[in-house]
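J.: Quick one: the structure is below, questions incoming.
The values are calculated or read from the model by the stated rules, or taken from the named source; none is laboratory data. The structure presented is a predicted model; accordingly, all values stated were derived computationally and were not measured. In this analysis, Cβ positions are derived from the backbone assuming ideal geometry, glycine residues included, and neighbour counts consider all displayed protein chains. Accessible surface areas use protein heavy atoms only, side chains included; no ligands, DNA or RNA. Shrake-Rupley method; radii C 1.70, N 1.55, O 1.52, S 1.80 Å.
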Amino acid sequence: MRRQDFDALAERLRNWGRWGADDQRGTLNHIGPETLKDAVATVTSGKLFNLGLNFDRNGPQTGAGRFNPKLYVTDLFTPLNPARPNVVYSDDVIHMPLQAATQWDALGHVHYDGVLYNNCNARETLTEKGAAKMGIEHLASPGIMSRGVLLDIARLKRMERLAIDYAITVDDLNAACAAQGVSMRKGDVVLIRTGHIQRFTIDQDRQAFNSMQPGLSPACAEWVHEHSLAAVCADNVAVEVLSAEGLSSDMPLAFHMLCLRDMGCPLGEMFNLDALAADCAADGRWAFLLAAPPIAFTNAFGSPVNPLALK
Ligand code: UVW
């Protein structure tokens, strides 16, 4: 994307000041009591779906930069009282990047031109101690719960997985809404299924999973803005399309920049949507209660999450 086109788009959807000069929750402010009551009203069958990957040494990371979680047991069969050696506990420690598997990006995760969401000066805010503002703890309290709507773009295109270079368009999003008979409401969290996660969950090809991949085109940020959505999640690594061309353009990761930095819209990555999508296709209901609270790691740029969808 050329810088002048990007700037014009960013200008149109920038939310700075919309929820106050000190706001650090961005579009999560769209979620109000009515949204939550609406979300609860989608629950009719009691079917529960886990959308998270496991956190372990066999995770999706290749080891280049980010690595897979390592679990160390620090107490094993430790007696609570030496006089009662048969009454014991076990404890553990985990060493992992917060971005290791299914995760939320905090608003401070990316920025450009030295400024974060809500006109926050990056040099004054980001240090080796983390994000003094726009850290994940602000998305964790209250946590992320809303009406979730799954848009199955792979199914729309009659594919199990989109091609690795496919950039999802606004027309695709509207076509998926029409095909699925669902419309977006203020405060919804949209979950985009590309099928890309199967390159990890089925093929076990971590290299392919972390390389070029299908996802949302930058123009989709405006669709998110127009529908007043609270957050965007997907079953790929970056939510957006990753192509060599995009990464070498004037604004690499343009969708990230527009969402996190200009709109204040959190991004959820590596959500496993396959089982939920199959159920939605079977019963024709694509909206559900989504509970996906980040962990309140103070000043952190992201958080693992174990998202749940209840239908
Ligand atoms: C980057 O790769 C910078 O971010 P993410 O993990 O959010 O895709």
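J.: Keeping the other protein chains in place, figure out the carbon and sulfur percent of the accessible area of the chain, with a 1.4 Å probe.
T.: Values: 7210 of 13730 Å².
Answer for the chain: carbon and sulfur cover 53 percent of the accessible area.
J.: How much net charge surrounds Leu247 when only the other residues with a Cβ under 13 Å from the Cβ of Leu247 are counted, with Lys and Arg +1 and Asp and Glu -1?
T.: Working: positive: none; negative: Asp165, Glu240, Glu245, Asp250.
Overall, the nearby charge balance is -4.
J.: Return the unpartnered cysteines for the chain, using a Cβ-Cβ cut-off of under 4.7 Å.
T.: Cys120, Cys177, Cys220, Cys233, Cys280
J.: Could you please report the charge total around Val73, scoring K, R as +1 and D, E as -1 over all other residues with beta-carbon less than 14 angstrom from its beta-carbon? Provide the component values of the computation, followed by the final result.
T.: On the way: positive: Arg57, Lys70; negative: Asp56, Asp75, Asp91, Asp92.
Counting the neighbours of Val73, the net charge comes to -2.
J.: Counting only protein chains, not ligands or nucleic acids, how are His111, His256, His225, His95 ordered by accessible area (probe 1.4 Å), most first?
T.: Values: His111 65, His256 5, His225 45, His95 95 Å².
So the residues, ranked largest to smallest area, are His95, His111, His225, His256.
J.: Add +1 for every Lys or Arg and -1 for every Asp or Glu among the other residues with Cβ under 13 Å from the Cβ of Asn119, and state the total.
T.: Working: positive: Arg14, Arg18, Lys133, Arg261; negative: Asp22, Asp23, Asp113, Glu124, Asp262.
For residues surrounding Asn119, the net value is -1.
J.: Still on this model: Applying the Karplus parametrisation 6.51 cos²θ - 1.76 cosθ + 1.60 with θ = phi - 60° to the phi angles of region 136-148, what ³J(HN,Hα) value in whole Hz is obtained for each residue in order, glycine and proline being reported as x?
T.: Computed from phi, the couplings for region 136-148 are 5, 4, 6, 8, 8, 9, x, x, 9, 9, 6, 6, x Hz.
J.: Another question, if that's okay. How many angstrom lie between the Cα centre of region 41-70 and the Cα centre of region 131-148?
T.: Answer, in whole Å: 18.
J.: For the chain, what are the per-bin percents of Cα-Cα distances with bins 10 Å wide, up to the bin holding the maximum?
T.: The distribution over the chain is 6, 27, 35, 22, 7, 3, 1, 0, given as percents.
J.: Find, to one decimal place in angstroms, the Kirkwood hydrodynamic radius of region 35-82, where the mean of 1/r is taken over every pair of different Cα atoms and then inverted.
T.: Values: mean 1/r = 0.0640 Å⁻¹.
For region 35-82, the Kirkwood estimate is 15.6 Å.
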